[in-house]
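The block underneath contains the structure these notes are about, expressed in structure tokens.
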Amino acid sequence: MGLPGDDADRRPTRTAPGLAIALLSGLSFGLAGPFAASLLATGWSPLAVVLGRLAGAALLLGIPLVIILARGWRPRVGHLRPVVVYGLVPLAGAQVCYFSAVGHLSVGVALLIEYTAPVLLLGWTWARSGVRPRPATLLGTATAVAGLVLVLDVGRGTAVDVVGVLWGLGAAVCLAAYFRLSAGAGGGTDEDPGGPPALVLTAGGAVVGSAVVVLVGVVGLLPLTATTGPIVLGGATVPWWVGVVLVAALSTALAYLTGIAAVGRLGSRLASFVGLSEVLFAVLGAWWLVAQHPTATQVAGGVLVVAAIALIRWAEPPDEPVAPPLVPE
């Protein structure tokens, strides 16, 4: 709850662009489900869809990366570690853990467990700083969880499996790590260079993540199969590669770049809650692209999630936002 003063007056102006970018990121991420569903329906394995996302994004982002390298920019030695961690944890780890959870749980339950990430992040910040979140923040957290339960409609045939729950919690930890690692992208000074720019972090991480996914498939942890049959999107029949390009360009390259930019402006805590909008966009995208109509219960849940985001936005100022450069300067 901001008190009257300069900081309170500046906050809406400072965070408005960040909120818009975060919602764009949520929309981009949310469309990944419908795009992936169109591929899965024709025989693609979940791991193959993940590989298409990451490898496609690596190729797309490799073009601007080569251009900036040709212009003389060079990465620092210190950039290697965050790029590798980003590729292992938020990119490959979150998706492998999520799809493994789906193998043991219903999709709704698995996604709900993964999206406890903002709550985990809030608890981690609380434990690290020793500062208790404001009552309105705790209320917003509870409201967000309740809204997600309704949006995901987990009451339909919920099945609980300990192994699946552990995989789901792994996905939640990876998702929370995404917000924390994204907060460290770029934004450095001459004395403290900071992490790699968003473009380098995402492109390099996609390469690392692709290698991890291939390794998971080769060792047989998860099946890695794909087909070349046409897919159906928005009622139209299109070639399979259209789905791969869309999920790689919009739901991976654009989604992660805008997500990093949003975290840099809002801070990881607030951005993680705005990221819950991904679930709403996923439901709307599924309605539009693959004819999965939302129920009245899901609509009510969506209202709760939006209310929770607004409540937390009002209660919590951004935690040290530093807008990272999308490309090296």
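Order TRP287, TRP73, TRP167 by their accessible area, 1.4 angstrom probe, all chains in place, largest first.
Listed by decreasing accessible area, they come as TRP287, TRP167, TRP73.
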Q. Put HIS104, HIS79 in order of accessible area, largest first, 1.4 Å probe: what do you get?
A. HIS104, HIS79
**Q.** Heavy-atom SASA rank of THR295, THR225, THR141 (probe 1.4 Å, accessible area, largest first)
**A.** THR225, THR295, THR141
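Compute the accessible area per residue over the stretch 42-147, keeping the other protein chains in place, probe 1.4 Å, unit Å². Walk me through the intermediate numbers first.
Working: 4880 Å² over 106 residues.
Per residue, the stretch 42-147 has 46 Å² of solvent-accessible surface.
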Q) Residues with amide H under 5 Å of ILE231's amide H, sequence separation 5 or more or different chain, H placed in the peptide plane at 1.01 Å from N; which? A) VAL238, TRP240
**Q.** Apportionment of accessible area to carbon and sulfur, the stretch 76-127, percent (1.4 Å)
**A.** 75
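The values are calculated or read from the model by the stated rules, or taken from the named source; none is laboratory data. All values reported here derive from a predicted model rather than from experimental measurement. Just so you know, the surface numbers come from the protein's heavy atoms only, side chains and all, with ligands and any DNA or RNA stripped out. Shrake-Rupley method; radii C 1.70, N 1.55, O 1.52, S 1.80 Å.
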